[in-house]
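The values are calculated or read from the model by the stated rules, or taken from the named source; none is laboratory data. Bear in mind that the values here come from a model prediction, so they are computed numbers and not experimental data. For neighbour counting, all protein chains shown are included, and Cβ atoms are generated from backbone atoms with ideal geometry for every residue, glycine included. SASA here: full protein model, heavy atoms, side chains in, ligands and nucleic acids out. Shrake-Rupley method; radii C 1.70, N 1.55, O 1.52, S 1.80 Å.
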Amino acid sequence: MRRRSFLGLVAASPLLIGSRGLAAADDLGRSATRRVPLPRPTVVGAQDLTLTARPAVVDLGHGSSEAWTLNGSFPGPTIRIRRGERARITLRNELDEDTILHWHGLNVPEAADGHPRLAIGPGSSYRYEFDVRDRPGLYWYHPHTHERTAPQTYLGMAGLIVVEGDEEEALELPSGDFELPLVLQDKRLGPSGDLRYEPAMGHDLMMGFLGDTPFANGVSDAAIEVQRGVYRLRVLNAANARIFDLGLSTLDPMTLIGTDGGLLDARVTVDRVMMATGERADLLVDFSRYAPGNRITLRSHPFTIPGMGMMGMGVGMGRGRPGMRPGGMRGRGTMGGVGGLQGTAMDLVEFVVGDQRGPDAPALPARLTTMPSPAIEADTPVRRFRFNSTMMRHTINDRRFEMERVDARIPQGRTEIWSIRNEAGYAHPVHVHAGQFRILSRSGGRAALMPWETGRKDTVLVLPGETVDIAVRFDDHRGLFLLHCHNLEHEDNGMMANFSVGD
Ligand code: C2O
Ligand code: CU
Ligand code: CU
């Protein structure tokens, strides 16, 4: 693996990093923290789009930093496209290393999927053309460069894709100002508030690169004034490794209407949604119940992951209580590392309630969608994938990723059950390219499906000791696709496999 320092920075002492992030995470000194207006990413179409990968100085809210951007924005521009339309996108590479983009969650042909073997060198371009067959919903894009997905994504080259379509529009969901896209991340900042990606050999490569400063739409300490009505929050966890246990500071109910692959069959009321990296949540939040001037925070509540203690890190059982630090330790000098622990509380966005009326809750039908499910028969074949992390190696079925090796040959147009087992002491959000799957069951660990796991999914969190069965089926495209952990440090360090569909 290549080791280098980024953005021209020499490796500074990691001990200097992150006092501001600590204050936000601990809910202390709120009045002392300057809130930053939540930006809305710029919106672009996809019918004739050029995305240029290049370094640029960006505004992080409390200062500026060099980032690796697409068209100079951080995060990348939001691509809006309608189902049935054809995307024509050119990627230009003005970085000084290889790159390639992947359209996460979209069911695209092999040549448009951004497999690392398609990466292009500095000064080159890559042309993507594909029909958008996917259901309306929130998808995203990020680099997929061999062993460089983590730094390139972290430094800014990720953005949202909104697929529009009739199925959603019929519901008359809150839109315009009342539709809020939220790209959630965590970062580690240098002493001058600059973005840096400098993973330490041990902890950061095993846990993944955790930051202590929460980011929403490219800024920390984000705040937005909301009116007293219902908002649609369209949330992406675009972190490298951090899992968010997302909920309001009040733990008031939210209505979940969709996830990775669009609308759920039926809405569900939740007070939290646990979102691993790569996962999306489509939430309706009613601010009309609050008085003008109230401040409500969208936060990641603290949690601990049972079984996630094997390397002496973050030992603990059960869920943390708000205000409690998981495992009772964090920060420098512990195995928690400079970015904090998985499960540390983080305040992501503050909503300041205004005095205007906003939209009422949409009248949602009992069934939001009528998507058929793939049929599971007694003789549906089962394929097993074991995810393991030992001694700095992240493997699937005991093997690290190799660019040209085909790890599984999958027939086209046939339903299979993939049984995914986490044998390691780390959380693995497992992601499958080339479309959406259904989650059938979970055994071990939490031993149940979560309310947000009932729809179409492309990423599923598999905690230590869990086995999750999913139903997959690839109808549309033959070719080579990927299965991998979406903890980007795990992915870059080998936790990825090639499967070929149709031959
Ligand atoms: Cu979002 Cu192969 O990844
Ligand atoms: Cu993907
Ligand atoms: Cu993993």
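Placing a label point 7 Å from the Cα of R133 along the Cα-to-Cβ direction, the residues of the range 361-375 whose backbone N falls under 18 Å from that point are 371-375. In the range 227-270, whose amide N lies under 12 Å from the spot 7 Å out along Cα-to-Cβ of R357? List them in ranges. In the range 227-270, the label zone of R357 (backbone N under 12 Å from the point 7 Å along Cα→Cβ) covers 228-229. Computed with a 1.4 Å probe over protein heavy atoms only, the accessible area of H394 comes to about 0 Å².
Please give the peptides 407-414, 177-184 ranked by average Cβ packing (other Cβ atoms within 10 Å per residue), highest first, as a rough proxy for protection. Provide the component values of the computation, followed by the final result.
Numbers: 407-414: 14.5, 177-184: 20.6.
Most protected by this proxy first, the peptides run 177-184, 407-414.
Would you please state which residues of the range 437-475 a label at Q412 would reach in this model, taking the label point 7 Å out along Cα→Cβ and a backbone N cut-off of under 16 Å? Under 16 Å, as judged by backbone N against the label point of Q412, lie 473-475 of the range 437-475.
The simple spin-label model puts a point 7 Å past each Cα toward its Cβ; for E423 and E404 those points are separated by 2.8 nm.
Among the protein heavy atoms of the chain, carbon and sulfur supply 50% of the accessible surface, probe 1.4 Å, non-protein parts ignored.
Within the assembled protein chains, the solvent-accessible surface assigned to R357 is about 150 Å², based on a 1.4 Å probe. With the Kirkwood sum run over all distinct C-alpha pairs, the chain has a hydrodynamic radius of 22.7 Å.
Report the gain in length on full extension from D177 to S125: 0.36 nm times residue separation, minus Cα-Cα distance, nm rounded to one decimal.
15.2 nm is the gain from fully extending D177 to S125.
Relative to one another, the C-alpha centroids of the range 361-407 and the range 80-111 are positioned 22 Å apart. The residues of the chain expose, per residue, 36 Å² of accessible area to a 1.4 Å probe.
Computed from the C-beta positions of D379 and D96, the FRET efficiency with R₀ = 60 Å rounds to 0.70. Using the alpha-carbon positions of the range 105-156, Rg (one decimal) and Dmax (whole number) come out as 12.3, 35 Å.
Can you give the extra length, in nm with one decimal, that the chain gains between R289 and S192 once fully stretched, where that is 0.36 nm per residue apart less the Cα-Cα distance?
Details: separation 97, 0.36 × 97 = 34.92 nm, distance 4.00 nm.
Taking R289 through S192 to full extension adds about 30.9 nm, to one decimal.
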